[in-house]
Amino acid sequence: MDISRMLAPLTRSWLATITPQIPSSFKMIHRTQSSLQKKVDPVQETALLEECILVDENDRALGSSTKEACHRVVNNSIPLHRAFSVFLFNSKNEMLVQQRSATKITFPNHYTNACCSHPLFEIPAEQEEKNALGVKLAAQRRLGFELGVPAEECKPEYFDYLTRIHYFSVGDGTWGEHEIDYILFLKRDVTLSPNSDEVQDVRYVKKDELDRFLAELKFPVTPWFELVCKNTLRKWWAGLDNVGQFKDEGTILRY
(Lines give C-alpha, C1' and ligand atoms only; values in the text may rest on other atoms or scores of the structure.)
Protein backbone atom coordinates (compact mmCIF):
# COMPACT_ATOMS: atom_id res chain seq x y z
CA MET A 1 0.00 0.00 0.00
CA ASP A 2 1.45 3.39 -1.04
CA ILE A 3 0.61 5.63 1.93
CA SER A 4 2.17 8.72 0.32
CA ARG A 5 -0.22 8.51 -2.61
CA MET A 6 -3.20 8.03 -0.27
CA LEU A 7 -2.21 11.15 1.67
CA ALA A 8 -1.39 13.28 -1.37
CA PRO A 9 -4.97 14.61 -1.90
CA LEU A 10 -5.20 15.55 1.80
CA THR A 11 -1.81 17.27 1.61
CA ARG A 12 -2.88 19.27 -1.41
CA SER A 13 -6.15 20.27 0.25
CA TRP A 14 -4.33 21.44 3.40
CA LEU A 15 -1.72 23.36 1.45
CA ALA A 16 -4.43 25.14 -0.52
CA THR A 17 -5.80 26.57 2.74
CA ILE A 18 -2.43 28.02 3.83
CA THR A 19 -1.21 29.32 0.47
CA PRO A 20 -1.21 33.15 0.45
CA GLN A 21 -3.54 34.95 -1.94
CA ILE A 22 -1.79 36.10 -5.11
CA PRO A 23 -1.55 39.92 -5.28
CA SER A 24 -3.09 41.25 -8.49
CA SER A 25 0.01 43.41 -9.00
CA PHE A 26 2.04 40.47 -10.20
CA LYS A 27 -0.51 37.73 -10.96
CA MET A 28 0.24 36.13 -14.29
CA ILE A 29 -2.09 33.66 -16.01
CA HIS A 30 -0.21 31.55 -18.52
CA ARG A 31 -2.13 28.63 -20.01
CA THR A 32 -0.60 25.87 -22.09
CA GLN A 33 -1.72 22.62 -23.68
CA SER A 34 -3.14 20.23 -21.09
CA SER A 35 -0.70 17.74 -19.62
CA LEU A 36 -3.59 15.43 -18.76
CA GLN A 37 -3.70 14.16 -22.32
CA LYS A 38 -0.67 11.95 -21.83
CA LYS A 39 0.54 9.48 -19.26
CA VAL A 40 3.11 10.85 -16.83
CA ASP A 41 6.67 9.84 -17.77
CA PRO A 42 8.24 7.51 -15.12
CA VAL A 43 11.32 9.74 -14.74
CA GLN A 44 9.19 12.83 -14.18
CA GLU A 45 6.82 10.91 -11.89
CA THR A 46 9.74 9.97 -9.63
CA ALA A 47 10.81 13.63 -9.48
CA LEU A 48 7.38 14.53 -8.09
CA LEU A 49 8.41 12.90 -4.79
CA GLU A 50 11.20 15.42 -4.21
CA GLU A 51 10.64 17.86 -1.34
CA CYS A 52 10.56 21.57 -2.19
CA ILE A 53 11.10 24.33 0.39
CA LEU A 54 7.89 26.17 1.25
CA VAL A 55 8.30 29.92 1.90
CA ASP A 56 6.19 32.95 2.69
CA GLU A 57 6.06 36.08 0.55
CA ASN A 58 9.26 37.34 2.17
CA ASP A 59 11.10 34.11 1.37
CA ARG A 60 11.11 32.87 4.95
CA ALA A 61 11.23 29.06 5.05
CA LEU A 62 8.06 27.44 6.38
CA GLY A 63 8.76 23.74 5.88
CA SER A 64 8.48 21.43 2.91
CA SER A 65 6.10 19.63 0.61
CA THR A 66 6.43 17.35 -2.39
CA LYS A 67 7.16 18.71 -5.83
CA GLU A 68 3.78 17.33 -6.86
CA ALA A 69 1.90 19.28 -4.19
CA CYS A 70 3.95 22.40 -5.00
CA HIS A 71 2.93 22.37 -8.66
CA ARG A 72 -0.67 21.18 -8.70
CA VAL A 73 -3.24 23.90 -9.17
CA VAL A 74 -5.99 23.60 -6.54
CA ASN A 75 -8.76 26.21 -6.54
CA ASN A 76 -6.54 28.46 -8.68
CA SER A 77 -3.87 28.32 -5.96
CA ILE A 78 -0.37 26.81 -5.70
CA PRO A 79 1.88 26.67 -2.60
CA LEU A 80 4.66 29.24 -2.71
CA HIS A 81 8.10 27.63 -2.80
CA ARG A 82 11.76 28.48 -3.42
CA ALA A 83 13.33 28.08 -6.86
CA PHE A 84 16.21 29.32 -9.00
CA SER A 85 16.87 30.23 -12.62
CA VAL A 86 20.36 30.06 -14.12
CA PHE A 87 21.25 32.38 -17.00
CA LEU A 88 24.42 30.97 -18.54
CA PHE A 89 26.64 32.89 -20.96
CA ASN A 90 29.77 31.82 -22.83
CA SER A 91 32.91 33.89 -23.36
CA LYS A 92 31.29 35.43 -26.47
CA ASN A 93 28.48 36.77 -24.25
CA GLU A 94 26.00 34.45 -25.95
CA MET A 95 23.18 33.12 -23.75
CA LEU A 96 22.35 29.42 -23.52
CA VAL A 97 18.69 28.57 -24.10
CA GLN A 98 17.10 25.16 -23.75
CA GLN A 99 13.88 23.60 -24.95
CA ARG A 100 12.31 21.53 -22.21
CA SER A 101 11.57 17.87 -22.85
CA ALA A 102 8.15 16.89 -24.18
CA THR A 103 7.74 14.66 -21.09
CA LYS A 104 8.14 17.48 -18.55
CA ILE A 105 5.04 17.80 -16.38
CA THR A 106 5.16 21.59 -16.19
CA PHE A 107 5.59 23.54 -19.43
CA PRO A 108 6.64 20.67 -21.74
CA ASN A 109 8.30 21.72 -25.02
CA HIS A 110 8.69 25.29 -23.77
CA TYR A 111 11.87 27.28 -24.33
CA THR A 112 13.57 28.75 -21.32
CA ASN A 113 16.89 29.87 -19.83
CA ALA A 114 19.74 27.41 -19.25
CA CYS A 115 18.42 25.74 -16.09
CA CYS A 116 15.45 26.22 -13.77
CA SER A 117 14.68 24.10 -10.72
CA HIS A 118 14.49 23.99 -6.91
CA PRO A 119 16.75 23.59 -3.90
CA LEU A 120 15.58 20.46 -2.09
CA PHE A 121 14.52 20.22 1.53
CA GLU A 122 15.94 16.71 1.84
CA ILE A 123 19.44 18.00 1.02
CA PRO A 124 20.44 20.01 4.12
CA ALA A 125 23.16 21.98 2.32
CA GLU A 126 20.56 23.29 -0.12
CA GLN A 127 18.64 24.88 2.75
CA GLU A 128 21.59 27.18 3.53
CA GLU A 129 20.49 30.78 2.97
CA LYS A 130 23.73 32.68 3.68
CA ASN A 131 25.16 34.04 0.40
CA ALA A 132 22.42 32.04 -1.36
CA LEU A 133 24.68 29.00 -1.01
CA GLY A 134 21.81 26.52 -0.96
CA VAL A 135 20.39 27.61 -4.29
CA LYS A 136 23.88 27.79 -5.82
CA LEU A 137 24.55 24.19 -4.77
CA ALA A 138 21.17 23.19 -6.20
CA ALA A 139 22.04 24.98 -9.45
CA GLN A 140 25.32 23.09 -9.66
CA ARG A 141 23.48 19.80 -9.12
CA ARG A 142 20.82 20.51 -11.73
CA LEU A 143 23.24 21.84 -14.36
CA GLY A 144 24.96 18.49 -14.10
CA PHE A 145 21.72 16.52 -14.24
CA GLU A 146 20.00 18.44 -17.03
CA LEU A 147 22.89 19.58 -19.20
CA GLY A 148 25.80 17.36 -18.19
CA VAL A 149 27.89 20.32 -17.02
CA PRO A 150 30.77 18.97 -14.86
CA ALA A 151 30.63 20.14 -11.23
CA GLU A 152 34.08 21.72 -11.47
CA GLU A 153 32.83 23.99 -14.28
CA CYS A 154 29.94 25.43 -12.25
CA LYS A 155 31.19 25.75 -8.69
CA PRO A 156 28.97 27.77 -6.31
CA GLU A 157 31.50 30.62 -6.20
CA TYR A 158 31.20 31.03 -9.98
CA PHE A 159 27.55 32.16 -9.77
CA ASP A 160 26.41 35.75 -9.37
CA TYR A 161 23.17 35.96 -7.39
CA LEU A 162 21.39 39.09 -8.64
CA THR A 163 17.91 39.20 -7.15
CA ARG A 164 14.68 37.27 -6.62
CA ILE A 165 11.37 37.37 -8.47
CA HIS A 166 7.96 36.34 -7.15
CA TYR A 167 5.62 35.11 -9.86
CA PHE A 168 2.57 32.91 -10.31
CA SER A 169 1.32 30.95 -13.30
CA VAL A 170 -1.55 28.47 -13.53
CA GLY A 171 0.20 26.75 -16.45
CA ASP A 172 -2.23 24.34 -18.09
CA GLY A 173 -4.72 24.64 -15.25
CA THR A 174 -3.56 21.41 -13.60
CA TRP A 175 0.20 21.95 -13.27
CA GLY A 176 1.62 25.42 -12.67
CA GLU A 177 4.17 27.48 -10.73
CA HIS A 178 4.23 29.80 -7.74
CA GLU A 179 7.80 30.61 -6.85
CA ILE A 180 10.26 32.98 -5.31
CA ASP A 181 12.89 32.51 -7.97
CA TYR A 182 16.57 33.29 -7.34
CA ILE A 183 18.22 34.74 -10.46
CA LEU A 184 21.74 33.35 -10.92
CA PHE A 185 24.13 34.47 -13.65
CA LEU A 186 27.02 32.27 -14.77
CA LYS A 187 29.54 33.35 -17.40
CA ARG A 188 31.78 30.45 -18.37
CA ASP A 189 32.52 28.19 -21.30
CA VAL A 190 31.08 24.87 -20.15
CA THR A 191 30.88 21.31 -21.44
CA LEU A 192 27.36 20.31 -22.48
CA SER A 193 25.86 16.81 -22.65
CA PRO A 194 22.09 17.30 -22.37
CA ASN A 195 19.90 14.72 -20.63
CA SER A 196 17.12 13.81 -23.08
CA ASP A 197 14.70 13.14 -20.20
CA GLU A 198 14.94 16.83 -19.35
CA VAL A 199 16.07 18.73 -22.44
CA GLN A 200 15.35 18.25 -26.15
CA ASP A 201 17.35 21.14 -27.60
CA VAL A 202 20.00 23.67 -26.57
CA ARG A 203 21.42 26.65 -28.41
CA TYR A 204 23.35 29.85 -27.79
CA VAL A 205 21.65 33.14 -28.67
CA LYS A 206 23.35 36.48 -29.31
CA LYS A 207 22.02 39.57 -27.54
CA ASP A 208 21.07 41.38 -30.75
CA GLU A 209 19.27 38.26 -32.03
CA LEU A 210 17.08 37.64 -28.97
CA ASP A 211 13.95 39.38 -30.28
CA ARG A 212 14.06 37.54 -33.59
CA PHE A 213 14.77 34.24 -31.83
CA LEU A 214 11.73 34.64 -29.57
CA ALA A 215 9.49 35.75 -32.44
CA GLU A 216 10.38 32.72 -34.59
CA LEU A 217 9.88 30.04 -31.94
CA LYS A 218 7.30 27.36 -32.75
CA PHE A 219 6.67 26.73 -29.04
CA PRO A 220 6.08 29.24 -26.22
CA VAL A 221 8.57 30.26 -23.55
CA THR A 222 8.17 29.54 -19.85
CA PRO A 223 6.43 32.27 -17.80
CA TRP A 224 9.47 33.06 -15.65
CA PHE A 225 11.71 33.40 -18.71
CA GLU A 226 9.10 35.59 -20.37
CA LEU A 227 8.96 37.88 -17.34
CA VAL A 228 12.74 38.27 -17.14
CA CYS A 229 13.00 38.87 -20.90
CA LYS A 230 10.36 41.59 -20.77
CA ASN A 231 11.63 43.37 -17.68
CA THR A 232 15.33 43.10 -16.89
CA LEU A 233 17.27 40.68 -19.09
CA ARG A 234 18.44 43.18 -21.69
CA LYS A 235 19.82 45.57 -19.06
CA TRP A 236 21.62 42.76 -17.24
CA TRP A 237 22.95 41.31 -20.49
CA ALA A 238 24.29 44.69 -21.64
CA GLY A 239 26.26 44.97 -18.40
CA LEU A 240 27.32 41.33 -18.29
CA ASP A 241 31.03 42.07 -17.86
CA ASN A 242 30.19 44.00 -14.67
CA VAL A 243 27.06 42.14 -13.61
CA GLY A 244 27.81 42.76 -9.94
CA GLN A 245 26.45 46.29 -10.36
CA PHE A 246 22.95 44.81 -10.64
CA LYS A 247 23.00 42.81 -7.43
CA ASP A 248 19.98 43.56 -5.27
CA GLU A 249 19.86 40.65 -2.86
CA GLY A 250 17.49 42.36 -0.44
CA THR A 251 14.70 42.89 -2.96
CA ILE A 252 12.05 40.49 -4.23
CA LEU A 253 10.74 41.76 -7.57
CA ARG A 254 7.01 41.30 -8.06
CA TYR A 255 6.28 41.95 -11.69
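Annotations for the structure displayed:
- Hey, Ala132 within 26 Å of Gly239 (Cβ to Cβ), surrounded by 17 or more Cβ atoms within 10 Å (Cβ to Cβ), touching a His at 6+ places or on another chain (Cβ under 8 Å) and touching a residue at least 40 places away in the same chain (Cβ under 8 Å) or not: no
- Of the residues making up the range 189-213, those that are in contact (Cβ under 8 Å) with a residue 12 or more places away in the chain, of a type outside the set (Ser, Thr, Tyr) and open to solvent by less than 90 Å² (accessible area, probe 1.4 Å) are Val190, Leu192, Pro194, Asn195, Asp197, Glu198, Val199, Asp201, Val202, Val205, Leu210, Phe213.
- Residues that are more than 13 Å from Ser85 (Cα to Cα) and of a type in the set (Asp, Glu) were ranked within the range 147-176; the one that is farthest from the chain's Cα centre (by Cα) is Glu152.
- Residue in the range 135-156 that is farthest from Leu184 (Cα to Cα), counting only those that are small (Gly, Ala, Ser) and surrounded by 19 or more Cβ atoms within 10 Å (Cβ to Cβ): Ala138
- Residue match in the range 196-214 (condition: among the β-branched types (Val, Ile, Thr) and more than 21 Å from His71 (Cα to Cα)): yes
The values are calculated or read from the model by the stated rules, or taken from the named source; none is laboratory data. Worth saying up front: this structure is predicted, and the values here are computed from it rather than measured. Every residue, glycine as well, gets a Cβ built from its backbone with ideal geometry; the counts of neighbours run over all protein chains shown. Note: accessible area is taken over every heavy atom of the protein model, side chains too, but ligands, DNA and RNA are not part of it. Shrake-Rupley method; radii C 1.70, N 1.55, O 1.52, S 1.80 Å.
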